[in-house]
1. Do any helices (runs of 4 or more DSSP H) lying entirely in segment B:608-726 carry at least 3 residues that are open to solvent by less than 30 Å² (accessible area, probe 1.4 Å), touching a helix residue (DSSP H, G or I) at 6+ places or on another chain (Cβ under 9 Å) and within 14 Å of chain A (Cβ to nearest Cβ), and which ones are they?
2. Please specify each residue of segment A:13-26 satisfying the condition of being open to solvent by less than 60 Å² (accessible area, probe 1.4 Å) and within 7 Å of another protein chain (Cβ to nearest Cβ).
3. I'm trying to understand the selection: among the residues of segment B:194-209, which are out of contact with any Gly (no Cβ under 9 Å at 6 or more places or on another chain) and charged (D, E, K, R)?
4. What about A:T112, is it more than 9 Å from every other protein chain (Cβ to nearest Cβ), under 30 Å from A:L129 (Cβ atoms) and open to solvent by 10 Å² or more (accessible area, probe 1.4 Å)?
5. Does B:R561 fit the bill of being in a loop (DSSP other than H, G, I, E, B) and closer than 26 Å to B:E352 by Cβ?
6. Within segment A:40-57, identify whether any single residue is open to solvent by 10 Å² or more (accessible area, probe 1.4 Å), touching a Gly at 6+ places or on another chain (Cβ under 7 Å), of a type in the set (D, E, K, R) and within 14 Å of chain B (Cβ to nearest Cβ), and answer yes or no.
7. Pairs, please: C-beta under 6 Å, at least 6 apart or cross-chain, first residue hydroxyl-bearing (S, T, Y) and in segment A:86-104, second open to solvent by less than 20 Å² (accessible area, probe 1.4 Å)?
8. Give segment B:442-463 a look and list any residue that's in contact (Cβ under 8 Å) with a residue 12 or more places away in the chain, crowded, with 17+ Cβ neighbours inside 10 Å and of a type outside the set (S, T, Y), or say none.
Amino acid sequence: MKKQPQVIENLPFTIDETRVLREMRVSRIKTVDELEERPLAEAMKRAIAKAYTLIHGKGVYKTIELGGVGEDGEVAAPSAPGLFTGKDMVNLLGQCPQATVLAVTIGDGLETEVERLDKAGDITEAYLLEMVGGLMADYMADRVDERIESSIQRAGFDRTMRYSPGYGDWPLERQPLLARIVEAERIGITVTQSHIMIPRKSVSAVIGWKRKA
Amino acid sequence: MNLLEEIKKRIFILDGSMGALLQGRGLPHGHAPDLWNLERPDAIRDVHRQYAEAGADIVLTNTFGATRLRLGDYSAHDRLVQINQAAVALAREGAPNALVAGDVGPLGGIMAPTGEITFDEGVEIFREQIAALVQAGVDLIVVETMFDLMEIKAAVVAANDVRGNTPLVASMTFNVDGVTDTGTDPVTAALTLEGLGVDILGINCSTGPEPMVAVVERIAASTGLPICVQPNAGLPVNRGGVTVFETPMEKVASFAVPFAKAGANIIGGCCGTTPDYIRMARASLQGMAPKSRTMAPSMAITSRMISLVAGDGQPFIKIGEKINPTGRKAFAQSIKEGRMDMVIADARKQFEHGAMALDVNVGVPLVDEAVMMEKALTAVQNVTPLPVVIDSSYVSALEAGLKLFPGRALINSINGEQERLEEVTPLVKKYGASVIALLAGDDIPELASGRLKIAERILRYLEDHGVPKERVIFDCLALVVSAMQDGAAQTLETIREVKRQFGVPTMIGLSNVSFGLPRRGAINSSFLAMAMGAGLDAAIVNPYDEEMNRAAAAASMFCGRDPQCRVYIDMMEEAENKPKEKDTGPKTTLEMISAAVLDGDKSHIEELVNKALAEGSDPMGIFLDTMTPAIRHLGDLFAQRKKFIPHLVAAADTMKRGVAVLDPLLKQSGSTQNKGTIVFATVKGDIHDIGKNICVLMLSNFGYKVVDLGKNVPLEDIFAAAEKEGAHIIALSALMTTTMIQMKLVVDEVRARNLPYKVMVGGAVVTKTFADEIGAGAYGKDVGDVVDVTAGLMETVREENK
């Protein structure tokens, strides 16, 4: 098993208009051009074009051994003690011999620009760009997820769902430890005292390697 | 024996899986099989013997993971040469009558630009192993199970460096979607690897045999190179720490004949296959000869995901010219500063306008062009899937680009000058690139005959230096029509003759022809159509020129480049579907203000409000009777799910700008209204407040006095501001489960000190249940209901104060 985390310096991407619209909870239409309001449609197109120049997707992941559920009722992970706490982790990882932890980010370019626009009072532009950023952080997580899924399958296992700190009873307080284990600083992610990742448009998570039924 | 000749005559059988048989001999879980070359040579020898007995003509050495990085995981990298050499010896001993293939697997890391391993490092890691295998005397090399085109390119470059005449198989792994895990389709892989000079193309692992037949067929249809296929026994299953393959060997072997019919010359097995499988495959292929395939190599360019072939009957290739600092000051400046935003913007825009490949030129005086080329090609690959044309007068920049681009790039350019040929030809060869050859020397020959002489000389030079003509496209040189009116005829003649005499595709740089003349689109599109009529295969163009795009599409139908006119029809349908401006008829200024708010047209609102004022409208009237009803109407449409949050945000933003014009006038006349005071804050620990800012904007538009305290605001600051402002409502936003608790502290404090404020809460993670639990006065679901929720809460305040 690899001791070093795998680092992805460049995650190529496309920004899908339909997904942008859904992220903004605009339903029914599939392309920005279908919006009746031309000025708003143009603003969205500008936001998407700008996002391309501001997003730099990176990811890091690492697979660690698990030791099943211990006497304390928690999932044991010899190289990451205290990380996988709570019932949800027992359900997710209790039967998994190993798990892959991951972190992705779109970098800080987009959020710096959102801040700038917000300060300048360009709230529409700030909002639209912010929404694209949120969507694209998940997009990057999906791309790394696919890589991990592929290695899980080739090794003869099934994957679990992807689970992040803050879901269910896996507390956000695990964020700093998770970031440390996956070496998230390799892609420029740090964690604040209130457990927020910086850049904000980042995702951290775990995927379990499940034995096939 | 000359393997490359022999495999045209009979199908060769390669062996099956090593791993499965070693597990059966007690290889512990997590132990590197390669180490057994030294630790358990008997076991390795025995596996080879079994495969040879089963009928394998070729056995693969047990060296799949015997590279520096992977051995490093077992602290065995210092024994790399020993392990590889032992492996070759064991294969010879176990299978003395078989050919021994040196097996090379993936690096065990991710190559740049995706990952951290540079091309040079990758090449060095592969070279170390392959050199050891070649020195130990392997009969061929098999680079296999590759997912990443960049990585296999590094492996092939390394192999070419050290292999001499030893044949090379380069084998990639495709998933159930028929592409590699990094998105490369079989045709793109084949054309790229053919360019790199591999002898045999391979497909191995990982879906099981069935989907692989179609992959073999696709490769067979795109190249004349022999094909090697090694199916695995389907996806594995891990049972009690042991990887097992549950597909029966009979089933895997039943695909040997379909593989041969599809064009395979070598058939073996990958993960999970056994000597039984080899025996069955061998038996089923008895007497079968490989399919005869005679396809000539193509002049192709590829990226990781796209391949383009230049030639008659192929789609006309439009190469975007915009990533180029010539005559573009702002672009040149961005490169000088090392910024890639303009490169990215042009890459995207050209892609969206139908460019099929992108010329990348970052030649700005005094910049390190090699570094900039790396940056630009990384940026371009991040945002478009297109093949690239690496355009530089510096060989260092060309090489830097070739090392960073996984596909078969097109080099721009060589010409008849000896020095340039000498510099660039080795790069074309080493990196498997294609190349543009300008039909010029020290100057441009005026007549076609002069250009053809140069073409002949270039082809001869390239051939002498191991670069076949299929790697070349000739730039026949389109000249400025206003300066040289006879030039066009010579260019067209050159295009025709190059194709007739040499069978080499042609291109031009189009935009140049119209230099200095008005309505350049008309000139460019006319000349393009004429040149296509003469046989032109590609052009470097301005993809934003719609006239040119239409001409290229139309001319393609006349030149046999658009069967059934499909591309043309699709293009026109797409243009038809573009939105048309609503025809709204004449409107009064106030109606236009209302429409501007509804449409979020913030760039016109100030002008419209000023116009209304000039026409004598009352400021309070514009605010109350025009803008407020508009935004209320939008609020109703939002509630009916006909309009959405972006509409609300854009409308509020627009209204704010209108109100800013009115504000001084309203203040002057003393007619401002205050529906109540709200102190608004994003709680301590939360550093993000765009949602709150939108709420503040909405509420301000509706006539509330909103004091915005910003983000990450401590409790005491909130109370101090509330007291100072005489607030009616404290509104709080939180985004995290960990910061939400701050809301409870505020509610508790208000209650404990019996303060006169209502507390309103909202934000990403905040729910109605949470709001009720902590006893908040109101809960705002999203920016859509904040106005109504506030109005309701203000009503309560008023009731209580009566």
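The values are calculated or read from the model by the stated rules, or taken from the named source; none is laboratory data. This one's a predicted model, so the numbers in the text were calculated from it and none came from an experiment. In this analysis, Cβ positions are derived from the backbone assuming ideal geometry, glycine residues included, and neighbour counts consider all displayed protein chains. These accessible areas exclude ligands, DNA and RNA; they are computed on the full protein's heavy atoms, side chains included. Shrake-Rupley method; radii C 1.70, N 1.55, O 1.52, S 1.80 Å.
1. On the way: elements: B:628-639, B:645-668, B:690-701, B:715-725.
Fully inside segment B:608-726 and qualifying: B:628-639, B:645-668, B:690-701.
2. A:F13, A:M24, A:V26
3. Across segment B:194-209, the qualifying residue is only B:D199.
4. Working: more than 9 Å from every other protein chain (Cβ to nearest Cβ): yes; under 30 Å from A:L129 (Cβ atoms): yes; open to solvent by 10 Å² or more (accessible area, probe 1.4 Å): yes.
Here the answer is yes, as A:T112 does meet what is asked.
5. Details: in a loop (DSSP other than H, G, I, E, B): yes; closer than 26 Å to B:E352 by Cβ: yes.
Yes.
6. Within segment A:40-57, not a single residue is open to solvent by 10 Å² or more (accessible area, probe 1.4 Å), touching a Gly at 6+ places or on another chain (Cβ under 7 Å), of a type in the set (D, E, K, R) and within 14 Å of chain B (Cβ to nearest Cβ).
7. If the second residue must be open to solvent by less than 20 Å² (accessible area, probe 1.4 Å), the pairs left are A:T100/A:I148; A:T100/A:I207.
8. Filtering segment B:442-463 for residues in contact (Cβ under 8 Å) with a residue 12 or more places away in the chain gives B:442, B:444, B:446-448, B:451-452, B:454-459, B:461-462.
Then keep just the ones that are crowded, with 17+ Cβ neighbours inside 10 Å; that gives B:444, B:448, B:451-452, B:454-455, B:458-459, B:461-462.
B:I444, B:A448, B:R451, B:L452, B:I454, B:A455, B:I458, B:L459, B:L462, listed by residue number.
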